[in-house]
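Engineer: Pasting a structure below so you can have a look.
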Amino acid sequence: MGDSTHASDTNGDGPASKKVKLSKSTIAMIERKRQNAILLRESRLQCRPTATSVQPTTVSNSLSREQPKNNMRIPHKKEDSDLSDLLTTVNCRECHICCNASYLHEKFGENVCDECRDKDKDQFKLISKTDAKNEFVLKDCDFDSREPPLRFVTAPNPHNRKGGFMKLYLQGQVYERACEVHGGDEGIDNAILQRSKNREAFALRKMNKKLADLRNSSKPRQIKEAHVHEFGDEMYHEDDDEYSHSCKSCGYTEHLVRA
């Protein structure tokens, strides 16, 4: 009975015989982590004390244990985290294969393998921050301040080699953020329409100001002549014992003193 049961399990009919299809990137990641675990195990073996270093002289010395020195570097346990990463597999949403080590999963948190990304590059293409702001009417705070902040990768700027790096975002995630900010596709269209109206109004105001400046500069300048007073008859003031006369056009009064 035991032999027949064992034979039935080894024939591949049971659920344990199903093989999981792994991508090349996942296999490379598993091999890399296995090599790291081997190196970590060898470093731990080198740090262990040898049998000759232990000197059991008395009972108290054999029961007591030496405390590790402050300058001794104890390696961290990475095997637990590595095993948890390997056990928590993430499947691609397109082909349902493991995509833990895919580019989109590591950089943007998207469950898409590299093969599906290469098949449909238009769906998973990257967009610069400047183009994203112009296309979806977004501000800097919509990328960084809103929770959760959008993830990005950096790349050299092809338009300015000497300048800094530009930020590249996943266009699908930028579109979702734009829908959250503007309230859907209709809100995005209304924001684009309102922006175009504001730009037209600004351009019209700028053109009117230039025309007004041009009209003012083309007018001939009027040269004002110096005013000459035209005084009337003299008047005598008995209280002050003086004479005065006033200009007929501007009303200026000039006081005269007679000897």
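Engineer: Of the numbered conditions (1) modelled with pLDDT of 85 or more; (2) part of a loop (DSSP other than H, G, I, E, B); (3) charged (D, E, K, R), D122 fails exactly one; give the number of that condition.
Structural biologist: (1)
Engineer: State which residue is surrounded by the fewest Cβ atoms within 10 Å (Cβ to Cβ) when the search covers only the stretch 156-170 and only residues that are of a type in the set (A, V, I, L, M) and within 16 Å of Y103 (Cα to Cα).
Structural biologist: Filtering first and then ranking leaves L168.
Engineer: Within the set of pairs 6+ apart or on separate chains, which have a first residue in the stretch 163-186 that is hydroxyl-bearing (S, T, Y) and in a helix (DSSP H, G or I), a second that is open to solvent by less than 30 Å² (accessible area, probe 1.4 Å) and at pLDDT 90 or above, and C-beta atoms under 8 Å apart?
Structural biologist: Going by the 8 Å Cβ cut-off, the qualifying pairs are Y175/F136.
Engineer: Which numbered condition in (1) without any contact (Cβ under 8 Å) to a residue 60 or more places away in the chain; (2) of a type in the set (S, T, N, Q); (3) closer than 27 Å to E94 by Cα is the only one that S196 fails?
Structural biologist: Among (1) without any contact (Cβ under 8 Å) to a residue 60 or more places away in the chain; (2) of a type in the set (S, T, N, Q); (3) closer than 27 Å to E94 by Cα, S196 violates only (3).
Engineer: Let me ask something additional. So which residues in the stretch 200-233 are open to solvent by 100 Å² or more (accessible area, probe 1.4 Å) and part of a loop (DSSP other than H, G, I, E, B)?
Structural biologist: Scanning the stretch 200-233 gives K219, P220, R221, Q222, I223, K224, E225, H227, V228, E230, D233.
Engineer: Looking at (1) at pLDDT below 90; (2) more than 20 Å from the chain's Cα centre (by Cα); (3) surrounded by 12 or more Cβ atoms within 10 Å (Cβ to Cβ), find the lone condition where H105 falls short.
Structural biologist: (2)
Engineer: Return the residues of the stretch 134-154 that are surrounded by fewer than 12 Cβ atoms within 10 Å (Cβ to Cβ) and not in a helix (DSSP H, G or I); say none if nothing qualifies.
Structural biologist: Listed by number, the residues that qualify are K139, S145, E147, P148, P149, T154.
The values are calculated or read from the model by the stated rules, or taken from the named source; none is laboratory data. Note that this is a predicted model, so its numbers are computed, not measured. Ideal geometry is used to build each Cβ from the backbone, glycine not excepted, and the neighbour counts take in all protein chains shown. The area values use the complete protein model at the heavy-atom level, side chains included, leaving out ligands, DNA and RNA. Shrake-Rupley method; radii C 1.70, N 1.55, O 1.52, S 1.80 Å.
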